[in-house]
Amino acid sequence: MESSEFISRVDKWDQKIILKYNGIGGKVFTYVLKPISFLGRETLWISLIAFYLLIWYDPFLLAHFSAIFLNGFILIISIKQMVKRSRPFERFNENELKVLERKPISKSFPSWHSYNVVSYGLLFGFLLNSFLLIILMLCIAVVVSFSRIQIGVHYPTDVIFGYILGIIGFISAIFIVSPLLNMLITYLEQFIKQEIQYQQINTMLFRNFWYLFLCVVIFLGIFLLAISRVIKEYLKKK
């Protein structure tokens, strides 16, 4: 079978599956899936990275969470730009496919939501040394991946490859990227003049107004970045 024929068959399968499961279960099921789908948002994990850097300094966890995010940024963004696959709602009209959340502006392939839930889910299981938690998180990742199809923003192959890349991102983070980041963090700590507080609430939050202000600005910036499209759409209506 030629590659072009194989791609054509996969594309037809993608179209068949997304049209079959788009909106399945009705509004109630969609309302259940939407908050679960949020687990795949980059905002959640960027906030956690900022927390372990600024609020509860833990270089070990900081390195691991940052490594997975860095891998995702490199893998997902680069592949999206190379493949440049349009979103399902850009192919089908509103009578054929309904988008049940705000339309994403990034390319469709692969799914960053699937990558995030799989990679971070595996990380939690690894850090807590729990095989049951790993299985649970992988199951949750399946639900999140399916939600992206049901909501109408991803094809099945988008989430399947995102899922696979999540496993790859986790493995490379644990064995390659995280150790390197740990070394970098240890090196940078030498240049910090004041005493470093590990694994506790940073007392600078209570003693230094400007440090508190910086933290507020950073977390507010992360939040505003997450809702920037909502703000833009609101201003356009004005």
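The values are calculated or read from the model by the stated rules, or taken from the named source; none is laboratory data. Because the structure is predicted, anything quoted here is derived from the model rather than measured. Backbone-built Cβ (ideal geometry, glycine too); neighbour counts: all protein chains shown.
Any residue that is in contact with a Ser or Thr (Cβ under 9 Å, 6 or more places away or on another chain), crowded, with 19+ Cβ neighbours inside 10 Å and not in a loop (DSSP other than H, G, I, E, B) - is there at least one of those in region 129-140?
Within region 129-140, none of the residues are in contact with a Ser or Thr (Cβ under 9 Å, 6 or more places away or on another chain), crowded, with 19+ Cβ neighbours inside 10 Å and not in a loop (DSSP other than H, G, I, E, B).
Mind telling me which of the residues Leu39, Leu61, Leu33 ends up being at pLDDT below 85, in contact with a helix residue (DSSP H, G or I) (Cβ under 7 Å, 6 or more places away or on another chain) and in a helix (DSSP H, G or I)? Before you say what the answer is, go through the steps one by one.
Numbers: Leu61 fails: at pLDDT below 85; Leu33 fails: at pLDDT below 85.
None of the other options fit; the residue is Leu39.
Which residues, counting only those in region 17-46, are buried (at least 17 other Cβ atoms within 10 Å of the Cβ) and more than 15 Å from Ser145 (Cα to Cα)?
Listed by number, the residues that qualify are Trp45, Ile46.
Just a yes or no: is a residue in region 59-67 surrounded by 17 or more Cβ atoms within 10 Å (Cβ to Cβ), over 19 Å from Ser119 (Cβ atoms), in the same structural domain as Pro156 (by TED's automatic domain parsing) and among the aromatic types (Phe, Trp, Tyr)?
no
Quick one: would you say Phe73 is at pLDDT 95 or above, over 12 Å from Ile151 (Cα atoms) and part of a helix (DSSP H, G or I)? First the steps, then the outcome.
Numbers: at pLDDT 95 or above: no; over 12 Å from Ile151 (Cα atoms): yes; part of a helix (DSSP H, G or I): yes.
So Phe73 does not fit the description; no.
Quick check on my filter: what residues within region 46-61 are among the aromatic types (Phe, Trp, Tyr) and under 21 Å from the mean Cα position of the chain (by Cα)? Before you say what the answer is, go through the steps one by one.
Taking region 46-61 as the starting set, the residues that turn out to be among the aromatic types (Phe, Trp, Tyr) are 51-52, 56-57, 60.
The answer is Phe51, Tyr52, Phe60.
Among (1) aromatic (Phe, Trp, Tyr); (2) farther than 30 Å from Leu214 by Cα; (3) out of contact with any helix residue (DSSP H, G or I) (no Cβ under 8 Å at 6 or more places or on another chain), which single condition is Phe73 missing?
Single failed check for Phe73: (2).
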